[in-house]
Amino acid sequence: MICTMSAAAVAVWLGTVVCTVHAYDTKHSALHGRNVRVEQSVALKQRATVSRDVVTILSRSHADRNVYPSAGVLFVHVLEREYFKGEFPPYPKSGDPSNDPITFNTNLKGYPDRPGWLRYIQRTPHSDGVLYGSPTAEHIGKPTVIEITAYNRRTFETARHNLVINIKAAEEFPLPYQAEFYIKNMNVEEMLASEVLGDFLGAVKNVWQPERLNAINITSALDRGGRVPLPINNLKEGVYVMVGADVPFSSCLREVESPHNQLRCSQEMEPVISCDKKFRAQFHIDWCKISLVDINKVVPVYVTRPEPGTGILPEFGEYKPPSESLKSRDYFSDFLVTLAVPSAVALVLFFILGYTMCCRREGVEKRNMQTPDIQLVHHSSIQKSTKELRSMSKNREISWPLSTLPVFNPVSGEVVPPIHPDNYETTSMPLMQTQANLQNQITIPQQRPSGKWYS
């Protein structure tokens, strides 16, 4: 019995229960079976008690999971919430369905982030997470260990798994003909679903007719500098899907490169593609953004990198810090240069300007002496003519302005002078009157010059 309890205790800490029962005596089998059932129930109760105490402190770690993707082929690994729900206590009690919010954190073991070729997305805490990317040839044969930590946002418990990615070489890597499509009505997590991706590859295969066709990479439009769509009309972020094949591009895909379609794309119009109807039922492709690459014709660019040095600075001798005692400095010369000299120059200019404006005035007499007589006579005749015209304009027979005439009050019949006292009521007084309607207009005598031309 002591051996059985110790085995159960060890099994509790390891997350498994091992119970082995041996019958030593056939005569006492019934009694021994009863004792075993009692011991098993006690062990299960102790396991439940210890589990409740331990799971809130420690995060559970399980055996590594190994996957074997190929270089140059799209790798997709789904982090299912249902798989991690068993790592946490039931909610709210045993037997009830659990819908706790669970988020994931993924990183390369020993590093804070993932490898450069691997991406991760999880839209909401109630959806599955997805690891995806396209391994490169330089990672072939090097196991990549990804630490996956699941967080229960209700109980703040964690569970940790390791994903070992063993990248192997593909049979034909890379495929010589690669095409990248931009799908406008999809998000990246929707496109990563196996059914949707299979439908898209099937449509591409019907158009391209290759012997081998692989999905190379999938990239969200946001990672390419795209803008987050507005939350209206079920708009999507868009996704770029790169596929590779072993045969040249079909004539339908080559239609994008025609001058007519290139002109339509430059005018922001949809090009005319004969095989678009094979995609339109499920995928809305922006044909202006399609990219066709034949890697056999791509000229490789070799970048020469400088050889790294030893990282040790060369010897410059012993460092000599400046002395603690500072020498005194005379700032009088700086004062003369910055303040005294500009002030003296400004003062001299002020005296020159004052002498020119105040002491060099010519006066009216000197001006008349220097002006020719004919010019003075001409100027005097202009002044006399101006004065005569002004005096004649005052004697014209015209009606005086309305503002100078008395105003008639239609209520009281009183003639009110133009200038009213402060306490006079003028609310009922008309604002403007015509001369024809003035009943009490006063005739102002006009001055008439004497002469035979006036009667």
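The values are calculated or read from the model by the stated rules, or taken from the named source; none is laboratory data. Since we're looking at a predicted model, the values are computed, not measured. Here Cβ is always computed from backbone atoms with ideal geometry, including for glycine, and neighbour counts include all displayed protein chains. These accessible areas exclude ligands, DNA and RNA; they are computed on the full protein's heavy atoms, side chains included. Shrake-Rupley method; radii C 1.70, N 1.55, O 1.52, S 1.80 Å.
Taking region 329-387 on its own, how many of its residues are under 60 Å from the mean Cα position of the chain (by Cα) and among the basic types (Lys, Arg)? Spell out the reasoning first.
Within region 329-387, the first condition is being under 60 Å from the mean Cα position of the chain (by Cα), and the residues that meet it are 329-347, 349-350.
Next cut, among the basic types (Lys, Arg) only: 329.
Result for region 329-387: 1.
Would you say residue 339 is open to solvent by less than 100 Å² (accessible area, probe 1.4 Å) and in contact with a helix residue (DSSP H, G or I) (Cβ under 7 Å, 6 or more places away or on another chain)? Break it down stepwise before answering.
Details: open to solvent by less than 100 Å² (accessible area, probe 1.4 Å): yes; in contact with a helix residue (DSSP H, G or I) (Cβ under 7 Å, 6 or more places away or on another chain): no.
Criteria not met by residue 339.
Being touching a Ser or Thr at 6+ places or on another chain (Cβ under 6 Å), buried (at least 19 other Cβ atoms within 10 Å of the Cβ), β-branched (Val, Ile, Thr) and not in a strand (DSSP E or B), is that true of even one residue in region 181-202?
Initially, region 181-202 is screened for residues touching a Ser or Thr at 6+ places or on another chain (Cβ under 6 Å), giving 188.
Keeping just the survivors that are buried (at least 19 other Cβ atoms within 10 Å of the Cβ) gives 188.
With β-branched (Val, Ile, Thr) added as a condition, the list becomes 188.
Among the residues that remain, those that are also not in a strand (DSSP E or B) are: 188.
Among the residues of region 181-202, at least one is touching a Ser or Thr at 6+ places or on another chain (Cβ under 6 Å), buried (at least 19 other Cβ atoms within 10 Å of the Cβ), β-branched (Val, Ile, Thr) and not in a strand (DSSP E or B), which makes the answer yes.
For region 236-251, state whether one or more residues are open to solvent by 70 Å² or more (accessible area, probe 1.4 Å), modelled with pLDDT of 90 or more and farther than 16 Å from residue 206 by Cβ. Yes, there is a match, as at least one residue in region 236-251 is open to solvent by 70 Å² or more (accessible area, probe 1.4 Å), modelled with pLDDT of 90 or more and farther than 16 Å from residue 206 by Cβ. For region 316-336, the set of residues classified as open to solvent by 100 Å² or more (accessible area, probe 1.4 Å) and among the aliphatic types (A, V, I, L, M) consists of 326 only.
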